[in-house]
Amino acid sequence: MASVLAPEHEGSGKRQQLTRQRNLWIDAWHSFVRNRLALAALIFIALMLLTAIVGPMISPYSYTRQDLLNVAQPPSADHWMGTDALGRDFLTRIMMGGRTAFFIAVLVTSITAILGVAIGAFSAYQGGLTDSAIMRVTDVIISFPHLLLAMFIAGTVRPQIARVTNDISWLRGSAMLDYVTVFGALAIVSWPGYARLMRGQVLTLRQMEFIEAERMIGASTGRIIRHHLVPNAIGPIIVATSASFGQAMLLESSLSFLGVGIKPPAASWGNMINDALITWRQQPFLLAMPGIVLSLVVLAFNFLGDGINDALNPRDRR
């Protein structure tokens, strides 16, 4: 009788184990939903993203259209956020600036997360001289202030890229050069944080029995990293990624404000703040609007990151 029932009990145990593993993410979602501040931040970010994507499409004004008869006008029925010093509709430019911010934040965060996770996992798993060399590179990059290093990279690399692409007609004078420069600068200064975080997780995991078992059966380094180390260390990476969106937006706006990022007529919250500095005493709303929007979005991403951290931290669950 025992031999007949054993497979059933074994199968039941496996199903219960799978259910518990699956419920970890369900429990995390339920915990996140109960955090009203994090949920409100997620809804706000979703609304801002929708506005940035759809808003410029339905706006009656182009973000580059100049109306020199209505320069620096206060908010009105025709222009809900007024017009800037060149007569451009400020609400449309705010929405286009949001599109720029979200686009750069998503792309830069995705690139740096993938690059940092891969480098950190490889470094920790290999150990020895490889680990030491990679960590010294990350220490050098982290030792510089992110904004200053990104400014240096963007300021020195862009002329070289422009010189190389000068013979390509559709790239000559294109805003694409600004985007490529910002992508590269922010990616270079941001990946070491992910690498160090992933390295710490892998150093803990690589000594566990299931990793030793994979080595014993001859699994390759790439397979162990892809299928075992990265999935088991993904929780802290998700938390770091959610917070990095706001940081990427802030860095992009800072570069654009300082004149080494996205340049006019392309819309960026940073270059809009820079343009408004000249007339901020007469039209303070031109300075306040992009600054307030940027602050709210970055704050929302910080609240979202805190909520995800609490939801994925089993010690905080009740």
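The values are calculated or read from the model by the stated rules, or taken from the named source; none is laboratory data. If you're wondering where the values come from, they're calculated on a predicted model, not measured in any experiment. Positions of Cβ are generated from backbone atoms using ideal geometry, with glycine treated the same way; all protein chains shown enter the neighbour counts. With ligands, DNA and RNA removed, areas are computed over all heavy atoms of the protein, side chains included. Shrake-Rupley method; radii C 1.70, N 1.55, O 1.52, S 1.80 Å.
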Top of R93, R281, R196 by mean-square fluctuation, Gaussian network on the chain, Cα under 10 Å: R281
Select one label from (i) 0.92; (ii) 1.04; (iii) 1.25: the one whose number is Cα Rg over 2.2 N^0.38 Å as derived from the coordinates shown. (iii)
Rel. contact order, % - alpha carbon contacts under 8 angstrom, at least six apart, the range 248-318: 21 percent
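At 222 nm, what value in deg cm²/dmol follows for the chain if DSSP H runs of at least 4 each add -39500 (n - 2.57) and the sum is divided by all its residues, to the nearest 500?
Numbers: 11 runs with 231 residues, N = 318.
Mean residue ellipticity, 222 nm, calculated: -25000 deg cm²/dmol.
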Which one, G261, G222, G307, has the greatest fluctuation when you compute a Gaussian network model over the chain with C-alpha springs under 10 angstrom? G222
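For the range 255-298, what does the alpha-carbon gyration tensor say about shape, rounded, prolate or oblate, given a ≥ b ≥ c as the root eigenvalues, a/c under 1.5 as rounded, and a/b over b/c as prolate? List each step's numbers first, then the result.
Details: a/c = 2.18, a/b = 1.16, b/c = 1.88.
Verdict is oblate for the range 255-298.
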If you roll a 1.4 angstrom probe over the protein chains with everything in place, what fraction of the accessible area of the chain belongs to carbon and sulfur, to the nearest %? 66 percent
At what distance in angstrom do the alpha carbon centres of the range 62-119 and the range 222-286 lie from each other? 13 Å
What list of ³J(HN,Hα) values in whole Hz, one per residue of the range 103-116 in order, does the Karplus curve 6.51 cos²θ - 1.76 cosθ + 1.60 (θ = phi - 60°) give from phi, with Gly and Pro shown as x? 4, 5, 4, 5, 5, 5, 5, 5, 5, 5, 5, 5, 5, x
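From the square roots a ≥ b ≥ c of the eigenvalues of the alpha-carbon gyration tensor of the range 87-154, which class results: rounded (a/c under 1.5), prolate (a/b over b/c), or oblate? Walk me through the numbers before you get to the answer.
Values: a/c = 6.41, a/b = 2.38, b/c = 2.70.
It comes out oblate by the Cα gyration axes.
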Karplus 3J(HN,Hα) series, Hz, for the range 253-259 with 6.51 cos²θ - 1.76 cosθ + 1.60 (x for Gly, Pro): 5, 5, 4, 5, 4, 7, x
Given contacts defined as C-alpha pairs under 8 Å and at least six residues apart, what's the relative contact order of the chain, whole-number percent? 24 percent
Could you run the Karplus curve 6.51 cos²θ - 1.76 cosθ + 1.60 with θ = phi - 60° over the range 51-60 and give me ³J(HN,Hα) per residue in whole Hz, x for Gly and Pro? 5, 5, 7, 8, x, x, 6, 9, 5, x
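Averaged per residue, what accessible surface does the chain expose to a 1.4 Å probe, in Å²?
Values: 17480 Å² over 318 residues.
I get 55 Å² per residue for the chain.
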Just to be sure I understand the model, the point goes 7 Å from the Cα along the line to the Cβ. What's the resulting D67 to I217 distance in nm? 6.8 nm
